[in-house]
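Novice: Structure in structure tokens, see below.
The values are calculated or read from the model by the stated rules, or taken from the named source; none is laboratory data. This is a predicted model, so every value here is computed, not measured. In this analysis, Cβ positions are derived from the backbone assuming ideal geometry, glycine residues included, and neighbour counts consider all displayed protein chains.
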Amino acid sequence: MYKPFLYQYAVWATFGSAAIHLLWTKNEYREYKEKMDFKVSKLEDMIERLKRGENIDDAEQSQKSSIVRKKITTQPNVKSKYIQKEEKPKTIVWL
């Protein structure tokens, strides 16, 4: 009697869960991309100021160098087989 409803419920639960997971993964990637764009713009601003010959105070220089010293991953830490293969992210270390 309830067999058709249970099948339909299982299908909706499965696809709904997958859709929500994809939305979360998409939002995580967007946040990661915004964070990396912000770091790149800060560093490009610092490079332009140095090219113009402006002096950068020690506090600002230490703040920007801490951004550079951190490991920057080229891919977000997403473990989703739906969006991309699960690979070890490549790291770039600037000193």
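Novice: When you scan segment 70-86, do you find a residue that is at pLDDT below 90, surrounded by 10 or more Cβ atoms within 10 Å (Cβ to Cβ) and not in a loop (DSSP other than H, G, I, E, B), even just one?
Specialist: Yes - at least one qualifying residue is present in segment 70-86.
Novice: Another question about this same structure. Only one of LEU22, LEU6 is in contact (Cβ under 8 Å) with a residue 60 or more places away in the chain and out of contact with any Lys or Arg (no Cβ under 9 Å at 6 or more places or on another chain); which? Full working, then the answer.
Specialist: Values: LEU6 fails: in contact (Cβ under 8 Å) with a residue 60 or more places away in the chain.
Matching residue, one of LEU22, LEU6: LEU22.
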